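Derivation of every value follows stated rules applied to the coordinates shown; laboratory data play no part. In this text the structure is predicted, and so the values were computed from the model without any measurement. Note: ideal-geometry Cβ built from the backbone for every residue, glycine included; neighbour counts use all protein chains shown.
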Amino acid sequence: MPAKGSEPVWCLVMFDLPVKTKAQRSAATRFRNELLDLGFCMAQLSVYVQYLPLAARLKQIVTAVKAALPPGGDVRVVSITDKQWSRAIRFSSAVPEKQEDQPSQLTIF
């Protein structure tokens, strides 16, 4: 976690959940929907991301994600500074993509 609670970070939730049975698929769907309700957006199939203008909120997010965890599977929560996120290289269909801009305050709320 970042040293300063006042710096902006990107919170990534990466997961691999079991989906062999109907109950497991339902639990995985509920988990994805909970992430969306918490303000995350899907970056890739099992990778969700949220911009946090203040890293201090990260602890609350981790607590909420932990409470929503379905049984089984692996879930990882990672925080990345805004500076690190902006340096990421992104490809879509083997073509370099422009990095997303920092969301506006209206988008966050």
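Assorted remarks:
- For Tyr48: the one exception among (1) within 29 Å of Gln84 (Cα to Cα); (2) surrounded by fewer than 16 Cβ atoms within 10 Å (Cβ to Cβ): (2)
- Among residues of segment 17-35 being loosely packed, with under 13 Cβ neighbours inside 10 Å and not hydroxyl-bearing (Ser, Thr, Tyr), the one that is nearest to Ile80 (Cα to Cα) is Asn33.
- Residues of segment 56-84 satisfying the condition of being of a type in the set (Gly, Ala, Ser) and buried (at least 16 other Cβ atoms within 10 Å of the Cβ): Ala68, Gly73, Ser79
- Flag if Pro53 is out of contact with any helix residue (DSSP H, G or I) (no Cβ under 6 Å at 6 or more places or on another chain), surrounded by fewer than 17 Cβ atoms within 10 Å (Cβ to Cβ) and not small (Gly, Ala, Ser): yes
- Total residues in segment 1-16, condition surrounded by fewer than 19 Cβ atoms within 10 Å (Cβ to Cβ) and touching a residue at least 40 places away in the same chain (Cβ under 8 Å): 10
- Listed by position, the strands (runs of 3 or more DSSP E) enclosed by segment 31-82 that each have at least 1 residues that are of a type outside the set (A, V, I, L, M, F, W, C) and touching a residue at least 40 places away in the same chain (Cβ under 8 Å) are 47-52, 74-81.
- Inside segment 14-30, residues that are closer than 18 Å to Lys66 by Cβ, part of a helix (DSSP H, G or I) and hydrophobic (A, V, I, L, M, F, W, C) make up a count of 2.
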